[in-house]
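Each remark here refers to the structure printed beneath this line.
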Amino acid sequence: MVVLRRVLVAGLVVTVVAVVGTLLTRLLSAGNERASLTVMVAGRSAHVVEGTTLAEAAAKFGLHPGSADLVDVNGKVLRAAAVPGKFLVDGRAAPGGMRLRSGERITVVDGHNRREPLVRRVVRVPGGMPSDPQFTLSRTPGEQVILSGALSHELVAVRFRASGAARVARAVALTFDDGPSTQYTPRILTALTRLRVRATFFVIGYLAAVNPELVRREVRLGMTVGNHTYNHPEVPPFDQLPSRLLQDEIALGGQVLSGLGPVPRLFRPPGGSTSAALVRAAAALGQRVVLWSVDPADWRPGSSAKEITKRVLSAVRPGSIVILHDGGGDRSATLAALPAIVRGIRRRRLHLVALTADATATQDATGNR
């Protein structure tokens with residue numbers, strides 16, 4: 001009996017140990033299980049286990065914020081997909097390693113195109129700047145404030161701040177519009193060369209395209225060639241054209257001339273029609289608007305050489321810009337008037353100059369500055 005009692009006690013001990021071991025295993029297993037959390041993903045409830053990070057939740061639910069581009073000041077892509085999207089937790093930006101808590105809201109925000117930063121430069125212009133639009137050969141000292149893209153260097157805006165009174169040059173600029181004309185432009189060029197005068201020709205794009213040799217001759221003889229639009233539209237007034245058409249006329253005229261010589265930096269609108277919007281459109285294409293202060297109306301039918309000469313010399317002053325024409329009709333009177341116009345201006349001890357792209361300079365009759 002004693003032996004049997006010992007055996008039963010030993011068996012009981014083993015059974016108790018086994019039961020205790022099973023309970024401990026279950027308790028340990030229960031301790032290793034993580035509780036479930038409820039979070040809001042894109043407005044819907046979702047479940048994740050406790051300790052889940054934002055990055056893990058994003059991977060689990062397939063969340064991928066879209067990227068956007070870095071663009072220049074005109075909207076052209078500089079760097080594709082350079083601006084990443086992001087996750088917000090309860091409306092605030094959060095790192096991927098952040099552990100989520102029950103009830104938090106996860107929002108996916110796509111990237112938005114970001115414009116390049118701007119750079120502001122101030123450039124002193126001690127020699128002075130003409131106005132834009134320009135009516136005379138006067139210059140005002142001051143400085144240019146230039147705003148451009150930091151990466152693309154594209155021009156955004158240019159503003160001039162005057163620092164003194166305008167200075168008027170003792171010079172006169174003869175300008176010719178509406179060419180090139182196969183009948184009159186060569187003869188006017190010959191007359192100007194014989195008179196040792198350099199002038200400025202505002203050329204119509206489609207005429208330049210069919211008479212490129214005349215434009216090249218103007219450049220070769222030291223004349224300045226400016227843009228006078230591609231088609232020379234006159235109705236409605238040029239500055240009242242739809243903005244896209246206005247821009248295209250300036251751009252197309254400039255493109256033709258760029259293929260024949262220096263890139264045009266001067267622009268004259270048909271009929272002198274101008275506005276602040278037109279000046280901005282020309283400036284965006286790198287061109288300054290040039291008008292005039294003396295108009296002898298040489299385009300008027302029946303005008304004689306004597307009448308044209310009288311109208312010029314009665315109105316001309318230091319700094320005058322004179323508008324004449326080498327195309328658009330019968331220009332024989334203009335051609336005949338040129339020697340007397342030149343002599344009359346020189347008798348007043350005024351220089352004859354060509355306008356230049358350089359806003360601070362003009363060329364005289366011999367090409368000197």
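The values are calculated or read from the model by the stated rules, or taken from the named source; none is laboratory data. Just so you know, these numbers come straight off a predicted model, no measurement behind them. Using ideal geometry, Cβ is built from the backbone for each residue, glycine included, and neighbour counts are taken over all protein chains shown. Side chains included, ligands, DNA and RNA excluded: accessible areas come from the protein's heavy atoms. Shrake-Rupley method; radii C 1.70, N 1.55, O 1.52, S 1.80 Å.
Considering Arg220, Arg216, which residue is within 21 Å of Ala357 (Cα to Cα), among the basic types (Lys, Arg) and free of Cβ contacts under 8 Å to residues at least 12 places away in the same chain? Give the steps one after another, and end with the answer.
Numbers: Arg216 fails: free of Cβ contacts under 8 Å to residues at least 12 places away in the same chain.
Result: Arg220 is the single residue among Arg220, Arg216 that is within 21 Å of Ala357 (Cα to Cα), among the basic types (Lys, Arg) and free of Cβ contacts under 8 Å to residues at least 12 places away in the same chain.
In this entry, Phe135 is excluded by the filter for residues that are modelled with pLDDT under 90 and closer than 27 Å to Ser273 by Cα. Taking the condition modelled with pLDDT of 95 or more, within 36 Å of the chain's Cα centre (by Cα) and over 21 Å from Thr185 (Cα atoms), does Ser314 pass? No: the conditions fail for Ser314. In the set (1) open to solvent by 70 Å² or more (accessible area, probe 1.4 Å); (2) at pLDDT 90 or above; (3) under 30 Å from Val83 (Cβ atoms), the condition left unmet by Glu50 is number (3). Residues that are among the aliphatic types (A, V, I, L, M) and over 33 Å from the mean Cα position of the chain (by Cα) within region 141-171 comprise just one, Ala171. Annotation: of all residues in region 283-319 being in contact (Cβ under 8 Å) with a residue 12 or more places away in the chain and on the phi > 0 side of the Ramachandran plot, the one that is surrounded by the most Cβ atoms within 10 Å (Cβ to Cβ) is Gly319. Restricting region 137-180 to residues that are hydroxyl-bearing (Ser, Thr, Tyr), in contact (Cβ under 8 Å) with a residue 24 or more places away in the chain and in contact with a strand residue (DSSP E or B) (Cβ under 6 Å, 6 or more places away or on another chain) leaves a set whose member that is surrounded by the most Cβ atoms within 10 Å (Cβ to Cβ) is Thr175. Within region 298-329, which residues are part of a helix (DSSP H, G or I) and not charged (D, E, K, R)? Hits for region 298-329 are Ala305, Ile308, Thr309, Val312, Leu313, Ser314, Ala315.
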